[in-house]
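Remarks on the structure that follows.
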Amino acid sequence: MRETDPPPGPTEPEAIAEKPPLVPDRLFWTRRFSLTTRILAVNVLIVGLVLGGLFILDTYRKQLIAERFKLARSEVEIIANALAEAPSSEHAALLARIGAEQRLRLRTFDALGELQTDSFVVGEPAFRFVDPADETWVQDFARWMDKAVDFIVGAPPVEPYDPAIDERPAEKSEWPEVFVSEQAGQGAVMLRYAPDRTPVITAAAPYGAQGETLLTMRNAVDVTQSVRSARQTLLVLLALGILFSIQLSLFLARTIVQPLQLLSRAAGRVRLGRDREVVVPRLPERGDEIGMLARALSDMTGALRERIDAGEAFAADVSHELKNPLASLRSALDTLENVEDPDLRKQLTEIAQQDVRRIDRLITEIAEATRVDAELSRTTFEPVDLLSLARSVIGGRTMAARIGEELDLTFEVESAPIGATMILGDAARLERVIENLVDNAAGFSPHGGRIAIAFADLGDEIEMIVTDDGPGIPPEERDKVFQRFHSVRPEAAFGSHSGLGLAIARSIVVAHDGTLTIRDRADGKSGAVMVITLPALETKS
């Protein structure tokens, strides 16, 4: 199984030339931010604009209401002081004048809680509440928007103002702020909503020595108008933001769809197989998921092309290897028909039988070589003791006993601590690896030679070392010996080996995440050292 140059066949595929991406991506964000982040950013942008605008509006409304509260408290205290200083006979005229000038409704209550004066009775009403039934759908929609915003921002509920209270002489017990002001001895302010959802701000303050109370009322329509005007401005900005978000989404879609279309077309050409050198764009400038997909597809295509080339090379190798024994068999059979000499006929028959055995061996090992990768990919690995496998191979192999008798070989397996040679793997396949290596070593060992199997614990890995006393392998040949059908055996061994043993062994070891390499003997003597390196079992002691 030592190798020479392999038979003619397809060469290994050339490295795929990396070409610049067909869709150049000069956007910094595609290298900096993932695709998920960008999609979320586009979608969150519009939601953030809406929620941000609503909370800004709510903050603006609260600021306006707070200013009106401050104004109402100041007004009620000033008017209460004016009433306390004015004669009782002038209270009605004073309230009517102040109410008309400040657009307020002013009421006074005596100590018993009965209404004394109402500026809307002694004078002209300074304002009137609007009946929602008389308004257009535009105002109805505006009120619906007011309620929606309050719900979204979680605004506390506000008590509605009942206009029916204005149709009768109300007592101060119907005004909680009056009671609060009397208890606190200072002004108290309260907010209600009129039927059209405009703020109704009332303020109460005690005055005089007889326990009278002043109640002021303002319909702060300007607050609602200011908030709704700001909301209209916000809606315009929001519409612009939506347009920007749509444009950004379309732009983002283009940066996603176009590369995917390129990759799809390249994958289609690979599937059809019409162009052998299909270049799948790697998009190296993209650091996002699209770039990762492009590079994964490119690598997969390269690996697929290598597999195809390897399959073609294998088919050519098989054809070449089968051609020689078939030609020899045909020649022997053709000659046999014309030969009368019994000895020569016997010799030709033996040649034919030898060729048949060689063909049978080739077909068997070719079938095994093609099944190794597929079967190992479906196999569930189990704990395996390499030391036990080696002892089983050496102790029970017919080949070892036969060669040992003929060549007077010595087989040795060095011991190792219990559990130190445990790995995860397929015991049957690993046993085949050991058989192939021992068979290879025995085939090149001289009479009286020694074949030794030893183990080395490297912590995370285990080495199994097979040493023989043969001629060794030159450094320049050490990679070639693992190629299929590579054999440099002497003429006496011609036809008894297929040249697939080491190739199969390496395939099995690689499938176990290991390596199979060749070293020189440490003692400087002639001979080959085959080293299998495999991951150690994590629970090994």
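The values are calculated or read from the model by the stated rules, or taken from the named source; none is laboratory data. Because the structure is a prediction, the values reported are computed rather than measured. Virtual Cβ from ideal backbone geometry, glycine too; neighbours counted across all protein chains shown.
This table checks each residue for (1) over 15 Å from GLU75 (Cβ atoms); (2) at pLDDT 85 or above.
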| site | (1), (2) |
| --- | --- |
| THR202 | no, yes |
| ALA209 | yes, no |
| GLU212 | yes, yes |
| ARG218 | no, yes |
| GLN225 | yes, yes |
| LEU237 | yes, no |
| PHE244 | yes, no |
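Restricting attention to the stretch 18-30, does a residue exist that is aromatic (Phe, Trp, Tyr), modelled with pLDDT under 50 and in contact with a helix residue (DSSP H, G or I) (Cβ under 7 Å, 6 or more places away or on another chain)? Reasoning before the result, please.
Within the stretch 18-30, the first condition is being aromatic (Phe, Trp, Tyr), and the residues that meet it are 28-29.
Then drop every residue that is not modelled with pLDDT under 50, which leaves 28-29.
With in contact with a helix residue (DSSP H, G or I) (Cβ under 7 Å, 6 or more places away or on another chain) added as a condition, the list becomes 29.
Scanning the stretch 18-30, I find at least one residue that is aromatic (Phe, Trp, Tyr), modelled with pLDDT under 50 and in contact with a helix residue (DSSP H, G or I) (Cβ under 7 Å, 6 or more places away or on another chain), so the answer is yes.
Please go through the stretch 69-98 and give me each residue that is of a type in the set (Asp, Glu) and closer than 19 Å to GLU177 by Cα, ordered by number.
Step one: list which residues in the stretch 69-98 are of a type in the set (Asp, Glu), which gives 75, 77, 85, 90.
Scanning the stretch 69-98 gives GLU75, GLU77.
Picking from residues in the stretch 75-86 that are part of a helix (DSSP H, G or I) and without any contact (Cβ under 8 Å) to a residue 24 or more places away in the chain, the one that is surrounded by the most Cβ atoms within 10 Å (Cβ to Cβ) is ALA82. Picking from residues in the stretch 507-525 that are within 18 Å of GLU476 (Cα to Cα) and under 47 Å from the mean Cα position of the chain (by Cα), the one that is modelled with the lowest pLDDT is ASP520.
Quick check, is ASP355 among the acidic types (Asp, Glu), over 23 Å from VAL438 (Cβ atoms), surrounded by 15 or more Cβ atoms within 10 Å (Cβ to Cβ) and modelled with pLDDT of 75 or more? Here the answer is yes, as ASP355 does meet what is asked.
Examine the stretch 418-429 for a residue that is modelled with pLDDT under 85, of a type in the set (Val, Ile, Thr) and either surrounded by fewer than 19 Cβ atoms within 10 Å (Cβ to Cβ) or over 16 Å from ALA505 (Cα atoms) (or both), and state whether such a residue exists. Yes, the stretch 418-429 contains at least one residue that is modelled with pLDDT under 85, of a type in the set (Val, Ile, Thr) and either surrounded by fewer than 19 Cβ atoms within 10 Å (Cβ to Cβ) or over 16 Å from ALA505 (Cα atoms) (or both).
Number of residues in the stretch 188-241 that are within 22 Å of SER119 (Cα to Cα), of a type in the set (S, T, N, Q) and not in a strand (DSSP E or B) equals 2. In summary, ALA170 fulfils each of the numbered conditions (1) over 15 Å from MET190 (Cα atoms); (2) assigned to a helix (DSSP H, G or I) with the single exception of condition (2). The residues of the stretch 89-117 that are within 23 Å of PRO199 (Cα to Cα) and in contact with a Pro (Cβ under 8 Å, 6 or more places away or on another chain) amount to a single one, ARG105. Can you find a residue in the stretch 465-485 that is closer than 27 Å to GLU375 by Cβ and modelled with pLDDT of 85 or more? Yes, because at least one residue in the stretch 465-485 is closer than 27 Å to GLU375 by Cβ and modelled with pLDDT of 85 or more. Within the stretch 263-279, identify whether any single residue is surrounded by 14 or more Cβ atoms within 10 Å (Cβ to Cβ), outside any helix (DSSP H, G or I) and acidic (Asp, Glu), and answer yes or no. No, there is no match, as no residue in the stretch 263-279 is surrounded by 14 or more Cβ atoms within 10 Å (Cβ to Cβ), outside any helix (DSSP H, G or I) and acidic (Asp, Glu). If you go through the stretch 97-123 and pick out every residue that is at pLDDT 90 or above, farther than 17 Å from ALA220 by Cβ and among the charged types (D, E, K, R), you end up with 3.
Within the stretch 246-255, the presence of at least one residue that is of a type outside the set (Ser, Thr, Tyr), assigned to a helix (DSSP H, G or I) and surrounded by 17 or more Cβ atoms within 10 Å (Cβ to Cβ) is confirmed.
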